[in-house]
Amino acid sequence: MISPTFLLGFLISTFYGAAFHLWRGGGIGRLIFYLILAWCGFWTGQFLASQLGLTLWSVGSLHLGIATLFSLLFLAVGYWLSLIDKDKLS
C-alpha cells in the first residue's frame, strides 16, 4: 500500500516538473528530464529536512516547504546546466 505522504509528495513534485516544462517548453525528453529533476529535488529536500529537523510548511510528516525549495533548486540548476553547448567546449 502506498503511503499518503509519498503519494502527496509524488503528485506535488510531478506538478512542479510539469509546470516547469510548461513554462520553459521542450519535447517529451525535456518533460521526462524535468520530472526526474523535480522528483529527485523534492525527495532530497524531504530527506534532509527530516534528518536535520527542519520545518517549513509541513503537511503531516511531509516537509513541503524545504522539499519545494530543493525541487525548484534542482530544476533551476538542471535547466541551467542543460543550456551548455557541448560544441563550444571542444
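The values are calculated or read from the model by the stated rules, or taken from the named source; none is laboratory data. This is a predicted model, so every value here is computed, not measured. For neighbour counting, all protein chains shown are included, and Cβ atoms are generated from backbone atoms with ideal geometry for every residue, glycine included.
Looking at ILE32, ILE12 in this structure, which one is part of a helix (DSSP H, G or I), under 15 Å from the mean Cα position of the chain (by Cα), surrounded by 13 or more Cβ atoms within 10 Å (Cβ to Cβ) and free of Cβ contacts under 8 Å to residues at least 12 places away in the same chain?
Values: ILE12 fails: free of Cβ contacts under 8 Å to residues at least 12 places away in the same chain.
Just one listed residue meets the conditions, ILE32.
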By residue number, the members of region 43-52 that are more than 8 Å from the chain's Cα centre (by Cα), surrounded by 16 or more Cβ atoms within 10 Å (Cβ to Cβ) and within 13 Å of GLY9 (Cα to Cα) are THR44, GLY45, GLN46
LEU69: passes all of (1) touching a Phe, Trp or Tyr at 6+ places or on another chain (Cβ under 9 Å); (2) at pLDDT 95 or above but (1)
Within region 39-90, the count of residues that are in a helix (DSSP H, G or I) and among the β-branched types (Val, Ile, Thr) comes to 4
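Yes/no per residue for (1) loosely packed, with under 15 Cβ neighbours inside 10 Å; (2) farther than 18 Å from PHE15 by Cα:
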residue: LEU37; (1), (2): no, no
residue: GLY41; (1), (2): no, no
residue: LEU56; (1), (2): yes, yes
residue: GLY60; (1), (2): yes, yes
residue: ALA76; (1), (2): yes, no
residue: ILE84; (1), (2): yes, yes
Within region 15-29, residues exposed (fewer than 15 other Cβ atoms within 10 Å of the Cβ) and assigned to a helix (DSSP H, G or I) come out as PHE15, ALA18, ALA19, LEU22, TRP23, ARG24, ILE28, GLY29
